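Remarks on the structure that follows.
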Amino acid sequence: MRGTFAVIDTRAMEDNVRAIRGVLRPGVQLLTAVKAGGYGHGAVPAARAALAGGATALGVASLEEALELRRAGIDAQVLVFGRVPAVGLPVAAAAGVDVTLTSDWATEGVPPCSPALRVHIKVDTGMARLGFRDTADALRAAEFVQSRSDMELVGLFSHLACADDLASDHAPRQAERFAAIVNAFEAAGLRPPQVHLANSAGTFRSASWHHDLVRVGISAYGLPPSADFPVPCTLTQAMHVYAVVQRVAWLDEGETVGYGATFRTARRTRVATLPIGYADGYHRVLSNRGQVLLRGRRVPVIGRVCMDQMMVDVTDVPEAAAGDVATVYGMAAPDVWNGGALQARTGADVAQWICDTFRAHQATQPSVLSLTEVARAADTISYELMCALAPRVVRLYV
Ligand SMILES: Cc1ncc(COP(=O)(O)O)c(C=O)c1O
């Protein structure tokens, strides 16, 4: 193993989904967004964990992502949030995948579908991304779906643009607009069984936005929708990323580190090299800004983050040595992984050993370098860091 790996805590995901269900109005269903490879966690394991935690539906961005779940034997309700072109609709129908009618099929001509295609109508209430902007057009689309014997009207939905911003009235205004559209559908006798609006932030912000189903992504993976958002239940980060120290070296005062020589040592400095870089999803903007945990302490990233490696200053961690395990984000690495113990293990049992020791250490409630914090240092959001975790980073599922 290269020495870069992620531990994905599927039990945490399951518990998160269960905890989020606990704050829903009675009878409200929970869809977990597993698009983009389960926000980087792996679509299939994330989907299985969500379903085990009580989700009844899954959300993806494309038909291809939906079919990946079906191929893995997952038969729960799956909704494609994005636009599926007309040629893909019979494929979706055959796979029992729900699709989003975003505005344009009626004019494209939809091939016959068997069994009936399950359709959700999307309305744009203030995101300006996809969906009908006009209620009359949305109603006509619903009538079009009703008129087809090979289509079933399953849902009506919209998406919130800033539900995580408590100071903004944008989300309440979207929710009001959406409620008016739902009323218009009801008045026309076209209200589908699944009316849905809320993402994670919307779910936590107002029970009146729950309707029939909530679509939860980020918080199922254990993160708040934004840094200071008050989450009303306990969430545990599911993604943990580690890198084994490759080399430790002394630099004299005045030497430079990395491409562009952007870091110059102000003292004799011990530098540790980690096998993780921007091609793994550790953004280059974290150069001279990020921190990792080593032997329980925070150490700064020095110099530019390279494609496959980066350097950290371990002068203040004298016991740090090659073969130790740095926590890039997530739970502080168990001490039993240090001193080359992890790399000394070979073969199939290493994954099991990592999982067992991870669980044992977790029970001691060690410190956590949260993705929210790393995202803040990187001027981005936890979503982006999760999704950026490259396929080449080995994922171990516990
Ligand atoms: C249509 C839709 N619904 C729900 C979600 C889940 O949002 P969050 O991860 O903020 O809970 C997303 C993700 O962006 C989405 O695109």
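Just a few scattered comments:
- Extension gain, Ser147-Ala363: 0.36 nm per intervening residue step, less the Cα-Cα distance, totals 72.1 nm.
- Distance cut-off 31 Å, percentage of C-alpha pairs in region 10-221 lying past it: 15
- Under a Gaussian network description of the chain, with springs only between Cα atoms under 10 Å, the residue in Val60, Val84, Val214 that fluctuates furthest is Val84.
- Relative contact order of region 10-221, taken over Cα pairs closer than 8 Å and 6 or more residues apart, is 20 percent.
- 0 to 90° range, to nearest 10: angle between helix 349-362 axis and the chain longest Cα axis: 90
- With one equal scatterer per alpha carbon and no solvent term, the Debye-computed log10 I(q)/I(0) for the chain at 0.13 1/Å reads -1.03.
- When the square roots of the Cα gyration tensor eigenvalues are ordered a ≥ b ≥ c, the ratio a/c for region 288-390 is 1.5 or more and a/b exceeds b/c, which makes its shape prolate.
- Across the chain, Cα pairs under 8 Å and at least six residues apart give a relative contact order of 17 percent.
- Gaussian network model of the chain, springs between alpha carbon atoms under 10 Å - residue of Leu166, Leu286, Leu51 with greatest fluctuation: Leu166
- Among Thr32, Thr125, Thr265: highest mean-square fluctuation, GNM of the chain, C-alpha pairs under 10 Å: Thr265
- Surface composition of the chain: carbon and sulfur atoms hold 51% of the protein heavy-atom accessible area at a 1.4 Å probe.
- DSSP beta bridges in the chain [antiparallel fraction, %, rounded to 5]: 50
- Cα centroids of region 314-366 and region 38-81: 31 Å apart.
- Each residue, Glu253 and Met307, gets one label point 7 Å from its Cα in the Cβ direction; the gap between the two is 3.7 nm.
- Simple point charges give the picture: +1 on the Cβ of Lys and Arg, -1 on the Cβ of Asp and Glu, and for region 10-221 a dipole about the Cα centre of about 380 debye.
- For the chain, the mean residue ellipticity at 222 nm estimated from helices alone is -8000 deg cm²/dmol, where every DSSP H run of n ≥ 4 contributes -39500 (n - 2.57) and the total is divided by all residues, rounded to the nearest 500.
- Range in the chain, longest, excluding exposed GluC sites (Glu not before Pro) [loop by DSSP; at most 15 other beta-carbon atoms within 10 Å]: 1-252
- Once the gyration tensor of the Cα atoms in region 200-248 is diagonalised, the equivalent ellipsoid follows with semi-axes of 32, 11, 7 Å, ordered largest first.
- Computing FRET efficiency as 1/(1 + (r/R0)^6) for Arg140 and Val285, where r is the C-beta to C-beta distance and R0 is 41 Å, gives about 0.35.
- Stretchable slack from Cys387 to Glu319, in nm (0.36 nm times residue separation minus alpha-carbon distance): 21.1 nm
The values are calculated or read from the model by the stated rules, or taken from the named source; none is laboratory data. None of these values were measured; they are calculated from a predicted model. Glycine gets a Cβ as well: all are built from the backbone with ideal geometry, and neighbour counts include every protein chain shown. The area values use the complete protein model at the heavy-atom level, side chains included, leaving out ligands, DNA and RNA. Shrake-Rupley method; radii C 1.70, N 1.55, O 1.52, S 1.80 Å.
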